[in-house]
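The values are calculated or read from the model by the stated rules, or taken from the named source; none is laboratory data. Bear in mind that the values here come from a model prediction, so they are computed numbers and not experimental data. Don't worry about glycine lacking a Cβ; one is built from the backbone with ideal geometry, like all the others, and counts go over all protein chains shown. These area figures cover heavy atoms from the full protein model, side chains too; ligands, DNA and RNA do not enter into them. Shrake-Rupley method; radii C 1.70, N 1.55, O 1.52, S 1.80 Å.
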Amino acid sequence: VLATAAVLAEPVDLSITHAPLGDTTNAAGPFVFTAQVTSLIGSPVTSVDLHYSLDGQSYSVVPMTQSGQDWTVSLPSQGSPVTISYFIVAEDAYAYTEVLPDGADLGGSPFSFFVGTKTVLYAQGFEGSDAGWTHAQVATQDDWQRGVPQGKSGDPASAYEGSSVWGNDLGPSGWNGAYSDNVENWLRSPAVDCSQATNVTLSFRRWLTVEAGQFDQATVRVNGQVVWQNPTGSDLIDSSWVPVSLDITSIAAGNPSVQVEFRMKSDGGVTFGGWNIDDLELVELGPGTGSCPPPTSYCTAKINSQLCAPTMGWSGTPSVSDPTPFLVTASQVLNKKFG
């Protein structure tokens, strides 16, 4: 609420126009960001900065260069597969600032684009039928509904795509849009075959309003394991459709039966609108063109004097932009001998 009030109270002294970058398979870069910035009160624009993140949490800042009303910056390759989130901050001579998208610096949704390849393993927009999705009550009430959200109790007034979503109490006639006190219920996907996938990412759009995690718990589970939960310490109040991407490789890769579950559990106090979910996918991510290919073993090992056949392998990501160490391993080798 405070963040929303701050955005509403912020004076609009600058105008920023920008065409967001879209998904690409070209990982070589560079990625060029261009914005048109003008003052609405006649003051000089003193700086425009690009804030970007590879994990959606920590942001790096790079200054943009002015050419007339255009401000540009070129970002080199950040490796792949990767999702780059970003927003633009402009400031004028009076130290007035403007952010695009609005509120992105206060926790709102930034722009984002994906670099690499995506193989869709499962996709559901929740139009037409339940398509094998099931839901049930654990305690007190099952209020999961598929349909058109009505904008009550903090819910969205429309779907992210199409017309239908899954959510807790979508607010049709006779409903108020909010989950109730002392409830626990779940929505579960059909089993998805991920047996041929080497990595799996769960992505979806979320519009969630829920009390702080020490009171009410909104969780995402995969095959019974919690992979995401709302934070403690403060309520989570989405005011737009938020993109969510969760790496579930450790649970789903190579697994012929993967089920995704959304669960809501409340205490006896404050309630909000709960889950609203749309545009859900399970995808396998791969490197884009111009990026480092996965290492490949070649040649045939010889039996050594200990009658062992040495093997070589690797782990990590072969990319200098990825902080994960890249390791080459050798096993069944002779100690302190050249090979």
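Residues whose amide H comes within less than 5 Å of that of V227, counting only those at least five positions distant or on another chain, are V220, R221, V222 (H built at 1.01 Å from N in the peptide plane). Can you compute the FRET efficiency between Y298 and S250 using 1/(1 + (r/R0)^6), with r the Cβ-Cβ distance and R0 = 30 Å? Round to the nearest 0.05. That pair, Y298 with S250, gives E of 0.55.
Taken as Cα centroids, the stretch 153-222 and the stretch 248-290 sit 9 Å apart, rounded to the nearest whole angstrom.
Considering the stretch 137-277, its Cα convex hull presents a mean projected area of 8.3 nm². Projecting each Cα onto the charge dipole of the chain (Lys/Arg +1, Asp/Glu -1 at the beta carbon, about the Cα centre), which of S234, G316, T24 comes out farthest on the positive side? With unit charges placed on the Cβ atoms, the residue in question is G316.
Taking only the Cα atoms of the stretch 92-180, the radius of gyration and Dmax are 18.5, 58 Å.
Site pair A330 and A191 shows an inter-label distance of 4.4 nm when each label is modelled 7 Å from Cα along Cα→Cβ. Looking at the chain, the accessible area is 51 square angstrom per residue; that uses a 1.4 Å probe and ignores ligands, DNA and RNA.
In sequence order, the stretch 73-86 has phi-based couplings of 8, 10, 9, x, 3, 10, x, 6, x, 7, 9, 9, 9, 7 Hz under the Karplus curve 6.51 cos²θ - 1.76 cosθ + 1.60, θ = phi - 60°, and Gly or Pro positions carry x. In angstrom, the C-alpha Rg and Dmax of the stretch 236-334 are 22.5, 72. With contacts taken as Cα pairs under 8 Å at a separation of at least 6 residues, the chain carries a relative contact order of 17 percent.
Pairwise alpha-carbon distances in the stretch 32-109 exceed 20 Å for 33% of all pairs. For W144, the residues 5 or more places off, or on other chains, whose built amide H falls under 5 Å of its own are D169.
Dividing the mean sequence gap of close Cα pairs (under 8 Å, 6+ apart) by how many residues the stretch 189-339 holds gives a relative contact order of 27 percent. Placing R0 at 35 angstrom, the Cβ-Cβ distance between A139 and V61 gives a FRET efficiency of 0.15 after rounding to 0.05. With the gyration tensor restricted to C-alpha atoms of the stretch 1-154, the semi-axes of the equivalent ellipsoid amount to 36, 24, 13 Å, longest first.
What is the sum of charges, Lys and Arg at +1 and Asp and Glu at -1, for the other residues whose Cβ falls under 11 Å from the Cβ of A136? My count for the surroundings of A136 gives -1. 3J(HN,Hα) along the stretch 105-111: 7, 10, x, x, 6, x, 6 Hz, from the Karplus curve 6.51 cos²θ - 1.76 cosθ + 1.60 with θ = phi - 60°, whole Hz, x for Gly and Pro.
Taking trypsin sites (Lys or Arg not before Pro) as exposed when their DSSP state is a loop state and no more than 12 other Cβ atoms lie within 10 Å, the longest site-free interval of the chain runs over 1-301.
Within straight-line reach of K118, meaning a Cα separation under 16 Å, sit the following aspartates and glutamates at least 8 residues removed in sequence or on another chain: D23, D247, D279, E281, E284.
Mean projected area of the Cα convex hull of the chain, taken over all directions, amounts to 23.2 nm². Counting charges near N185 (Lys, Arg +1; Asp, Glu -1) among other residues having Cβ under 11 Å from its Cβ returns a value of -2.
Straight-line cross-link reach from K302 at under 24 Å between alpha-carbon atoms covers these lysines, not counting any fewer than eight positions away in the same chain: K336, K337.
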